[in-house]
1. Please verify whether the range 124-136 includes one or more residues that are over 20 Å from GLY209 (Cβ atoms) and exposed (fewer than 15 other Cβ atoms within 10 Å of the Cβ).
2. Could you tell me which of the residues PHE161, PHE167 is crowded, with 19+ Cβ neighbours inside 10 Å, among the aromatic types (Phe, Trp, Tyr), assigned by TED's automatic domain parsing to the domain that holds TYR282 and not in a strand (DSSP E or B)?
3. Any chance you could count how many residues in the range 261-300 are within 22 Å of SER164 (Cα to Cα) and part of a helix (DSSP H, G or I)?
4. Could you please tell me which pairs satisfy a Cβ distance under 8 Å, a separation of 6+ or placement on different chains, a first residue in the range 51-79 that is free of Cβ contacts under 8 Å to residues at least 12 places away in the same chain, and a second residue that is in a helix (DSSP H, G or I) and small (Gly, Ala, Ser)?
5. Checking VAL211 against (1) buried (at least 22 other Cβ atoms within 10 Å of the Cβ); (2) of a type in the set (Val, Ile, Thr); (3) touching a Lys or Arg at 6+ places or on another chain (Cβ under 9 Å): exactly one of these is not met. Which one?
6. For ARG12, are the conditions met, namely being exposed (fewer than 14 other Cβ atoms within 10 Å of the Cβ), touching a Phe, Trp or Tyr at 6+ places or on another chain (Cβ under 6 Å) and at pLDDT below 95?
7. Which one of these does ILE48 not meet: (1) within 18 Å of GLY204 (Cα to Cα); (2) surrounded by fewer than 20 Cβ atoms within 10 Å (Cβ to Cβ); (3) not assigned by TED's automatic domain parsing to the domain that holds ALA251?
8. All but one of (1) under 17 Å from ASP224 (Cα atoms); (2) touching a residue at least 60 places away in the same chain (Cβ under 8 Å); (3) crowded, with 18+ Cβ neighbours inside 10 Å hold for HIS111; state the number of the condition that does not hold.
Amino acid sequence: MTIPANAHPFSRLDPDTILGAVESTGRLCDGRLLALNSYENRVWQVGIEDAPPVIAKFYRPARWTDAQILEEHTFARELVKAEVPVVAPLEDGGRTLHESGGFRFALWPRHGGRAPEFDSADVLTWMGRFIARLHVVGARGKFRQRERLTIARLGRESRDFLLSGGFVPADLEPAYRSVSEQALDAVEACFDHVGTVASLRIHGDCHAGNVLWTDGGPHFVDLDDAVTGPAVQDLWMLLSGDRESRERQLAAVIEGYETFREFDRVELLLIEALRTLRLMHYAAWLARRWDDPAFPASFPWFHTQRYWQDHVLELREQLGAMDDLPLHA
């Protein structure tokens, strides 16, 4: 098969390339491949002769540097050493990051699990304990290579990319320009009001889709979005529903969290600002990945008028949310 010169790099990631990469680590594949749900990278379960399958993650080209990926791997091993339930990449000859066929990849042992039930107070309290243990380890050291959670990176750069790339429909561009600028001003006001809060190594993308649950409790299988940021970033995405529901959920999470680590409640003032940054960054993430054929196929609504109307409305709603009283635990 001839691959067009302008094709996305992942178009070259065919079964032979995947199997060849895994076998370059000294394993003998049995030919079984199962694609797992992942958009940012490409992840496969690969069968191994006379051994359990492994999970092979092929990193998106040009997203992270080798140093940033290795820092993620080091953090995972540090967490495992502290008995925090995180799955660390496999080492082969002292290496966790490999290269084959023009792709960087890493291997993990397969760990199953189910989606957590965040409507349960007991589950949320357990999650609070789990995240606090991760943060205890995260506070012991610093990332030197990985990114920081900043308004500039998640907010302003996202806005600039969307506007410069012509992704916002022309008739909605004035409304988007106005409300996004107001939203960023409000985000900055929230951070200014809170002042200096402690930053540490955090998971960075702690939502239900990134947690697996077994009878032994929760675990993370990946730290791909690990950053330096405030502790509350790993807590607010566990909350959903109306204000009363979110406050009840928050109380359960913090009860568990403070079993292992004190939580600075001033950080609650940042929740809606962080939600606003996530909304803006998500829109820009879709735009930045639009050359990957998996994205138009999976997110066909992104280029629709309705999506951008809803996005403008979401940002307007966030202006009100950021002006409201913070959640109370």
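The values are calculated or read from the model by the stated rules, or taken from the named source; none is laboratory data. Because the structure is a prediction, the values reported are computed rather than measured. When we count neighbours, we look across all protein chains shown, and the Cβ atoms used for this are built from the backbone with ideal geometry, even at glycine.
1. Initial filter on the range 124-136 (over 20 Å from GLY209 (Cβ atoms)): 125, 129, 132-133, 135-136.
Among the residues that remain, those that are also exposed (fewer than 15 other Cβ atoms within 10 Å of the Cβ) are: none.
No, because not a single residue in the range 124-136 is over 20 Å from GLY209 (Cβ atoms) and exposed (fewer than 15 other Cβ atoms within 10 Å of the Cβ).
2. PHE167
3. To start, the set of residues in the range 261-300 that are within 22 Å of SER164 (Cα to Cα) comprises 276-293, 295-296, 299-300.
Now drop any that are not part of a helix (DSSP H, G or I), which leaves 276-288, 295-296, 300.
Total satisfying the criteria: 16.
4. none
5. It is condition (3) that VAL211 fails.
6. Considered against the rule, which asks whether it is exposed (fewer than 14 other Cβ atoms within 10 Å of the Cβ), touching a Phe, Trp or Tyr at 6+ places or on another chain (Cβ under 6 Å) and at pLDDT below 95, ARG12 comes out as no.
7. Condition (1) is where ILE48 drops out.
8. The failed condition is (3).
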